[in-house]
Every structure is written in C-alpha cells, then in structure tokens.
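Participant: Take a look at the following structure, please.
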Amino acid sequence: MAAALHTAELGEIAPDETEILRYAMLPRSAQDGADLPLDACLAEIRGRIRCRAVWREFPLIRTEEGLDLGFAVTRSKDLGRRLSGCEAVLLFCCTAGTEMDRLITRATLRSPVHGLLMHAIGAQQVEGACDALCAQLAALFPEYTLSPRYSPGYGDLPLALQRDVFAALDCERLIGVTLTDSLLMRPSKSVTAIIGMKKNNAPDTVSKRSILLYRRRSLCV
C-alpha cells in the first residue's frame, strides 16, 4: 500500500557557475565565463525562484509481469538492475517553477546567449533541488541506502510511464506541474524520478559503471 503524499519546499538553489556552464555545453574556450552575461542572468533570478517537490513511497514487488512499482508495472531491465536488492521505491517530481520559465522566455527574446545561459541556470536549479530533496530523503530513511535517481525516458524505461507518475503524485494540484499530451512537463525545468530503497544490510549488485554511465547521460538543459 502506498504511503501518503509529501511536499518539500526547496527554495532557490545556490548558483554553481561551473555547473551552469557545463549545462550550457559551451566550448572549452568559453567556459571561463569572462565574455558571457552570466552575472547579469544570475542577478535576474535572485530571489525569484521557488523550487518545490512532491514525493511518495511505494512497495516494490517483482512479479512475472515485471516490476510492480506500486503505481505502475514495468518490464524495464535497466530499472530492474538499478533496483536490485530494493524492497521499496521513492517516487518524486521536482520543479524550478513557472517563474523560471518566464525568465527563460524573456532571456531568449533578448539574445540567444542570454537564453542559453538562462536555460542552463534553470537546469542547475532543478538538478540542485533534486540533490537537496535526495539529501532530505536520505536523512528521513537512515535505515535504507537510497539508489541514484532514475527517470522515465532513460534506458529502456518508457517515457509513457510519466502518465502513471503524474497520476500517483497529483503533481498539478500540489506543485503546479502538468504533463502535455506529448509527455512534456510544464514548467519545463521539472524532473520526475524513481529512487530505490535498500535495507542497509542488503547485498549491492548494481555496478559502479552503470551508475557512471547514467550520470554522464543525465544532462538537463
């Protein structure tokens, strides 16, 4: 049986210029930021971003039909490997909010460079908020080891799972995130993910290589 829904107010994430420039995927020669309007873009967001999240715990059951996540059943082998040894999952949606989207639109109209940097700032905000939420969850469940987060659309986990995620988390009502017919999230700087919960004495069969490969693929711009 699923646990209650919980929300988290994560506020504005401290800017990390190195991460922002990485999300912008600028050429190495430009990554010192000297000739970029990064300071102006950061000044524009200051005090205006409100990162929020909703999360919920579900039991995990392995069946002949696949992984029963409590809110959906999937045959994803990639997720199955990630959840090896886990007995439950945490499902969450995290967003940098509608104001971030407004700032991105305004910056894009100003110039392509401003737009690129504001997109990257939004990515750093939502990814930083996900990290902050994961730290809170780790503190709430000290008896468990939490797996790295894994999102619909990665590997063989279908993006269509988003419909089940949104139904399970009531994202629109609780944090103002909606899902379009084409499975895009609004606000755009939003993330959904699944985290495995493994008792601290359970064996770990997930390879470090698979985690590294996932992290390399999980740029969000």
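Participant: Condition (residue is in a strand (DSSP E or B), polar (S, T, N, Q) and surrounded by fewer than 21 Cβ atoms within 10 Å (Cβ to Cβ)) applied to the range 130-153: is it met by at least one residue?
Facilitator: yes
Participant: Is at least one residue of the range 65-82 outside any helix (DSSP H, G or I), of a type in the set (Val, Ile, Thr) and without any contact (Cβ under 8 Å) to a residue 40 or more places away in the chain?
Facilitator: Within the range 65-82 (the criterion being outside any helix (DSSP H, G or I), of a type in the set (Val, Ile, Thr) and without any contact (Cβ under 8 Å) to a residue 40 or more places away in the chain), the answer is yes, since at least one residue qualifies.
Participant: All but one of (1) surrounded by fewer than 20 Cβ atoms within 10 Å (Cβ to Cβ); (2) in a helix (DSSP H, G or I); (3) touching a helix residue (DSSP H, G or I) at 6+ places or on another chain (Cβ under 6 Å) hold for His114, so report the exception by its number.
Facilitator: (1)
Participant: Step by step: first the residues of the range 79-105, then only those that are among the polar types (S, T, N, Q) and surrounded by fewer than 23 Cβ atoms within 10 Å (Cβ to Cβ), then the one that is nearest to Leu133 (Cα to Cα). Which residue is that?
Facilitator: Of all residues in the range 79-105, those among the polar types (S, T, N, Q) come to 84, 95, 98, 105.
Adding the requirement that they be surrounded by fewer than 23 Cβ atoms within 10 Å (Cβ to Cβ) leaves 84, 98, 105.
Numbers: Ser84: 22, Thr98: 19, Thr105: 27 Å.
Within the range 79-105, the match that is nearest to Leu133 (Cα to Cα) is Thr98.
Participant: Among the residues of the range 106-125, is there at least one that is in contact with a strand residue (DSSP E or B) (Cβ under 7 Å, 6 or more places away or on another chain) and hydrophobic (A, V, I, L, M, F, W, C)?
Facilitator: Initial filter on the range 106-125 (in contact with a strand residue (DSSP E or B) (Cβ under 7 Å, 6 or more places away or on another chain)): 125.
Narrowing the set further to residues that are hydrophobic (A, V, I, L, M, F, W, C) leaves none.
Within the range 106-125 (the criterion being in contact with a strand residue (DSSP E or B) (Cβ under 7 Å, 6 or more places away or on another chain) and hydrophobic (A, V, I, L, M, F, W, C)), the answer is no, since none of the residues qualifies.
Participant: Could you figure out which of (1) in contact with a strand residue (DSSP E or B) (Cβ under 8 Å, 6 or more places away or on another chain); (2) at pLDDT below 95; (3) outside any loop (DSSP other than H, G, I, E, B) isn't true of Arg209?
Facilitator: The number of the failed condition is (1).
Participant: Still on this structure, please answer the following. So, Gly122, is that one at pLDDT 95 or above, at positive phi, outside any strand (DSSP E or B) and under 20 Å from the mean Cα position of the chain (by Cα) or not?
Facilitator: Answer is no for this residue.
Participant: Another question, then. Quick check on my filter: what residues within the range 172-187 are out of contact with any Ser or Thr (no Cβ under 7 Å at 6 or more places or on another chain) and either surrounded by 12 or more Cβ atoms within 10 Å (Cβ to Cβ) or within 18 Å of Ile49 (Cβ to Cβ) (or both)?
Facilitator: Thr178, Leu179, Leu183, Leu184, Met185
Participant: OK, next. Evaluate the following for Leu161: is it in a helix (DSSP H, G or I) and either farther than 22 Å from Arg102 by Cβ or out of contact with any His (no Cβ under 8 Å at 6 or more places or on another chain) (or both)?
Facilitator: So Leu161 passes the test.
Participant: Search the range 120-144 for residues that are within 23 Å of Glu19 (Cα to Cα) and pair each with any residue that is surrounded by 23 or more Cβ atoms within 10 Å (Cβ to Cβ) and of a type outside the set (A, V, I, L, M, F, W, C) when their beta-carbon atoms are under 6 Å apart and the residues are at least 6 apart or on different chains.
Facilitator: Gly122/Lys189; Val126/Lys189
Participant: Now a separate question. What's the number of the condition Asn201 fails, among (1) free of Cβ contacts under 8 Å to residues at least 60 places away in the same chain; (2) over 20 Å from Val73 (Cα atoms); (3) surrounded by 15 or more Cβ atoms within 10 Å (Cβ to Cβ); (4) not hydroxyl-bearing (Ser, Thr, Tyr)?
Facilitator: Of (1) free of Cβ contacts under 8 Å to residues at least 60 places away in the same chain; (2) over 20 Å from Val73 (Cα atoms); (3) surrounded by 15 or more Cβ atoms within 10 Å (Cβ to Cβ); (4) not hydroxyl-bearing (Ser, Thr, Tyr), only one is false for Asn201: (3).
Participant: For the range 1-22: of the residues being in a strand (DSSP E or B) and in contact with a helix residue (DSSP H, G or I) (Cβ under 6 Å, 6 or more places away or on another chain), which is surrounded by the most Cβ atoms within 10 Å (Cβ to Cβ)?
Facilitator: In this case the residue turns out to be Leu10.
Participant: Also, I was wondering about something else. Is there a residue being in contact with an Asp or Glu (Cβ under 9 Å, 6 or more places away or on another chain), buried (at least 22 other Cβ atoms within 10 Å of the Cβ) and at pLDDT 95 or above anywhere in the range 54-72?
Facilitator: yes
The values are calculated or read from the model by the stated rules, or taken from the named source; none is laboratory data. Quick caveat, the model's predicted, so the values are computed rather than measured. Note that we place each Cβ from the backbone using ideal geometry, even for glycine, and neighbour counts take in every protein chain shown.
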